[in-house]
Amino acid sequence: MKHILIIDDEAPVREVLVKALTRQCYRVSQAVTSSDGRRMIVVDPPDLIITDLQLEDGDGLELAGDLKKLLPKVPIILLTGVIFDAEVVHQTILKKVDAYLEKTTPLHQVLAEVRRLLGG
Amino acid sequence: MQDGREKQLRWLLVAGLVISAILLAVGSQPWHKLLAGLSLTVVAVALVMLHGRRVVDAPAVSQLSQTARTLSQTVQERDAALVVAGENLKDESLERSWTTHSLEHQLRYANTIINAIGEPLMVVSKALNITRINPALLRATGFAESDVIAQPLSKILRVAFESMELKNDPLPPALKEGRELTDRTAYLVNKAGTITPVLMSLFPVRDQDKVVGGILLLRDASKAPAKNAKSAAARI
């Protein structure tokens with residue numbers, strides 16, 4: 001069973017994602033802060049990470065950069081309510097993460113992206 | 001009659017038949033033979049009737065069995081369809097929760113940006129009705145949010161008064177043409193009716209190149225740099 005780590009300080013987001021991903025037969029862990037996330041990937045390395053951009057104790061992009069150094073093969077999805085210009089996404093964000101999704105993206109598309117990054 | 005019971009009865013009758021036949025064969029007295037003959041006849045008749053009922057009932061039983069099988073299959077199919085519908089419903093419910101939350105997040109994020117601005121600010125529709133305000137504006141006017149949202153802009157901001165020489169309102173044409181206005185003199189009316197001169201700037205809000213409203217940023221005219229006040233006065 002593939003393991004997914006969600007890092008987001010908004011409980012309703014985590015709640016919906018956990019339910020949806022669990023229904024797709026993934027094992028899901030949650031972290032509220034970036035420091036929790038950093039700790040958890042050492043204790044129980046995930047197969048995929050979904051992180052928010054604006055975290056209480058840090059920046060999701062900075063966190064993604066650090067996580068990539070620790071787990072270079074683990075895909076990271078940046079799931080954020082901050083909507084960036086398409087050019088910014090391509091030139092900056094996608095150099096640091098494997099996928100960028102806005103929180104306005106329909107849930108089934110988020111799940112499809114997870115499936116794609118986990119190879120089916 | 002249940003199959004198990006019928007089988008037991010048939011075996012009993014067969015046993016009775018055999019015993020009666022033996023008694024008939026080996027009976028020494030005439031009344032023995034008479035009783036055995038009677039018993040043999042009764043048992044044989046019972047066996048024939050039992051077999052006949054079975055033969056007569058067979059098609060009905062077969063039809064009933066077929067109906068039961070069809071019913072069972074239908075129930076199974078309905079169960080499976082209900083399970084699928086239930087799962088779809090769960091997916092749709094999660095999708096709805098996700099959408100609701102994402103819209104709330106967007107609204108909260110937009111409000112956070114507006115609320116972070118320290119100067120009084122409001123968003124107006126193209127028809128110049130107030131659609132959003134920031135806390136600085138509430139502090140400056142003393143109104144509650146519910147007092148001003150969806151109200152005409154003129155309730156709290158005027159470009160001229162009846163007692164003054166009436167000037168053309170520059171906001172409607174600026175919004176129509178999508179033009180910015182900078183540091184124009186206007187008058188903020190607070191809840192007590194007190195009028196405060198302010199410098200007003202308008203920034204048109206576009207949605208896919210169509211002007212849908214504007215952002216009005218107000219500054220206290222008395223605190224504005226002298227050159228701004230002078231230029232504003234020159235314009236009015």
- Note on the structure: Residue hits (the stretch B:126-158; open to solvent by less than 30 Å² (accessible area, probe 1.4 Å) and outside any loop (DSSP other than H, G, I, E, B)) are B:130, B:133, B:136, B:137, B:141, B:148, B:153, B:157
- Query: Quick check, is residue B:119 within 14 Å of chain A (Cβ to nearest Cβ), surrounded by 12 or more Cβ atoms within 10 Å (Cβ to Cβ) and either acidic (Asp, Glu) or assigned to a helix (DSSP H, G or I) (or both)?
  - Reply: no
- Query: For the stretch B:51-106, which residues satisfy the criterion of being charged (D, E, K, R) and within 14 Å of another protein chain (Cβ to nearest Cβ)?
  - Reply: B:87, B:90, B:91, B:92, B:95, B:96, B:104
- Any chance the stretch B:88-104 includes a residue that's open to solvent by 40 Å² or more (accessible area, probe 1.4 Å) and over 30 Å from the mean Cα position of the chain (by Cα)? no
- Message: Looking for something of a type outside the set (A, V, I, L, M) and part of a loop (DSSP other than H, G, I, E, B) - is there at least one such residue anywhere in the stretch B:90-97?
- Response: no
- Query: Looking at the stretch B:163-170, is at least one residue surrounded by 16 or more Cβ atoms within 10 Å (Cβ to Cβ), at pLDDT 80 or above and assigned to a strand (DSSP E or B)?
  - Reply: no
- Query: What is the residue count in the stretch B:27-37 for residues that are open to solvent by less than 100 Å² (accessible area, probe 1.4 Å), free of Cβ contacts under 8 Å to residues at least 12 places away in the same chain and of a type outside the set (S, T, N, Q)?
  - Reply: 4
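The values are calculated or read from the model by the stated rules, or taken from the named source; none is laboratory data. Given the structure is predicted, the values throughout are model-derived calculations rather than measurements. Methodologically, a virtual Cβ is constructed for each residue, glycine included, from the backbone with ideal geometry; neighbour enumeration extends over all protein chains shown. For accessibility, only protein heavy atoms count, side chains too; no ligands or nucleic acids. Shrake-Rupley method; radii C 1.70, N 1.55, O 1.52, S 1.80 Å.
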